[in-house]
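Undergrad: First, the structure itself, so that you have it in front of you.
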Amino acid sequence: MTASTALLKIVDPKNYYESYLSAGVYPEGRSLRSFPRLSFKQGECGGVGSSLVSSGGVTVSCSIEASVSLCNDLRLITASVAPTTQLSEKESNEITSCLIRLLDQGSFVSKEALRCKNVDGEDLPLTWNLEVVIKIMSADGCLMDAIICSVVTALRNVKLPLIRLNHLLEDESSIEKNQILIERQSVSLNDVHVLMCCTFGLFLTKAGEEIVLCAPNSDELNNCAAKYVMIVSGEEEIVLLTGNGSSKVFDNLRIFNSICSKRWKLFKDALDKPS
């Protein structure tokens, strides 16, 4: 970056970005319709399942702890973001609320999949309770995109032991803790749904044209007229759409859906690929 370009970025950031975005690229040369490389590792962060995800300037981890309780109608999966100086309390609460909403509606995994099983594969009157903890290592970019991927990859990594219950099913007395025995054999969670989250920015040029940005960094996003976050659970299957600002072009939503669906398929193929 030349001295004059660096000065323009400070004095007139909108004009600086428009000079690149109007040509179809970000300042670093990435195409506007492409995403930063997404990489993930599973089983790196402890618990019954975990993952480490990096994408652009964002790196997050997700670890999952498990406990057993009697089957009930209460929330079986909780989520939290570990304290960090990189996020405000409001941002942390917004992320947590979004995750809990998705978990409560079964977007990641159903309550039925959390039923404890014995060595014969039979359902027991017990259920697993999962605690999902997100840690933010770096946050210069589309944080929610990486967080959703980290939860999916961690859930796909979960191994839960089979249970031996020394309590007759027809016995109506309370089940005691010492009657619940953990077997060495473990199984993966069934039916973990693959979600993909994509963040889009809408940059408004001086001529009034809207330019769709895929996964802009924090500074680029701050110079956008609107921001949208779309989460899909399959091709053309929208789970959640949030946004601020306004869009003059309704067709942008179809563009978001098409891009997010294609990225979902790439992510699912990578997860399903034998290691």
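Derivation of every value follows stated rules applied to the coordinates shown; laboratory data play no part. Please read these numbers as outputs of a predicted model, since none were measured by experiment. Here the Cβ positions follow ideal geometry from the backbone for every residue, glycine too, while neighbour counts run over all protein chains shown.
Undergrad: Residues with amide H under 5 Å of V68's amide H, sequence separation 5 or more or different chain, H placed in the peptide plane at 1.01 Å from N; which?
TA: N129
Undergrad: Please compute the contact order of the range 1-151 in relative form: average sequence separation of alpha-carbon pairs under 8 Å and at least six residues apart, divided by the residue count, as a percent.
TA: 27
Undergrad: How much length would be gained if the chain were fully extended between N244 and M137, taking 0.36 nm per residue of separation minus their Cα-Cα distance, in nm to one decimal?
TA: Contour length minus Cα-Cα distance gives 35.9 nm.
Undergrad: Kindly provide the trypsin sites (Lys or Arg not before Pro) of the range 221-271 that DSSP labels as loop, not H, G, I, E or B, and whose Cβ sees at most 15 other Cβ atoms within 10 Å.
TA: Values: sites: K227, K248, R254, K262, R263, K265, K268; in loops: K248.
Qualifying residues, ordered by number: K248.
Undergrad: Moving to a separate point now. Hey, rough spin-label estimate for E65 and T78, points 7 angstrom out along Cα→Cβ, what's it come to in nanometres?
TA: 0.9
Undergrad: In nm, what is the difference between 0.36 nm times the number of residues separating E235 and R30 and their Cα-Cα distance?
TA: 71.3 nm
Undergrad: In the range 38-188, if the dipole is taken from +1 on Lys/Arg beta carbons and -1 on Asp/Glu beta carbons about the Cα centre, which of N118, Q185, N72 is farthest to the positive end?
TA: Going by the Cα projections, it comes out as Q185.
Undergrad: Taking Cα pairs under 8 Å and at least six residues apart, what relative contact order does the chain come out at, in percent?
TA: Details: 515 pairs, mean separation 46.3, N = 275.
Relative contact order here is 17 percent.
Undergrad: Right, another one. Per residue, how much space in cubic angstrom lies within the convex hull of the C-alpha atoms of the chain?
TA: Values: hull volume 41.6 nm³, N = 275.
With only Cα atoms used, the chain gives 151 Å³ per residue.
Undergrad: Evaluate the charge dipole of the chain about its Cα centre and quote only its size in Debye, nearest 20, assuming +1 on the Cβ of each Lys and Arg and -1 on the Cβ of each Asp and Glu.
TA: Approximately 840 debye in magnitude.
Undergrad: Subtracting the Cα-Cα distance from 0.36 nm times the residue separation, let me have the gained length for R164 to E112 in nm, one decimal.
TA: Full-extension gain reported as 16.9 nm.
Undergrad: For the range 100-141 and the range 61-81, what is the separation of their C-alpha centers, rounded to whole Å?
TA: Between the Cα centre of the range 100-141 and that of the range 61-81, the gap is 6 Å.
Undergrad: At most 12 other Cβ atoms within 10 Å and a DSSP loop assignment: could you name the trypsin sites (Lys or Arg not before Pro) in the range 119-212 that fit?
TA: Numbers: sites: K135, R156, K159, R164, K177, R184, K206; in loops: K206.
Listed in order of number, the matching sites are K206.
Undergrad: In nm, to one decimal, how far is the modelled label at N178 from the one at S97, with both set 7 Å along Cα→Cβ?
TA: For N178 paired with S97, the spin-label model returns 4.7 nm.
Undergrad: So, R0 is 22 Å and r is the distance between the beta-carbons of K90 and L253; what FRET efficiency does that work out to, to 0.05?
TA: 0.25
Undergrad: Pop the C-beta distance of S19 and S188 into the FRET formula with R0 = 45 Å and round what comes out to the nearest 0.05. It would help to have the intermediate numbers written out before the result.
TA: Numbers: r = 50 Å, r/R0 = 1.10.
It comes out at approximately 0.35.
Undergrad: Which order do peptides 194-201, 138-145 fall in by mean Cβ count within 10 Å, highest first?
TA: In decreasing order of mean packing, 194-201, 138-145 become 194-201, 138-145.
Undergrad: Expressed in whole Å with the largest first, what are the equivalent ellipsoid semi-axes of the range 12-147 derived from the C-alpha gyration tensor as the square root of 5 times each eigenvalue? Show your work: numbers first, answer last.
TA: Values: eigenvalues 290, 48, 38 Å².
Whole-Å semi-axes of the equivalent ellipsoid: 38, 16, 14.
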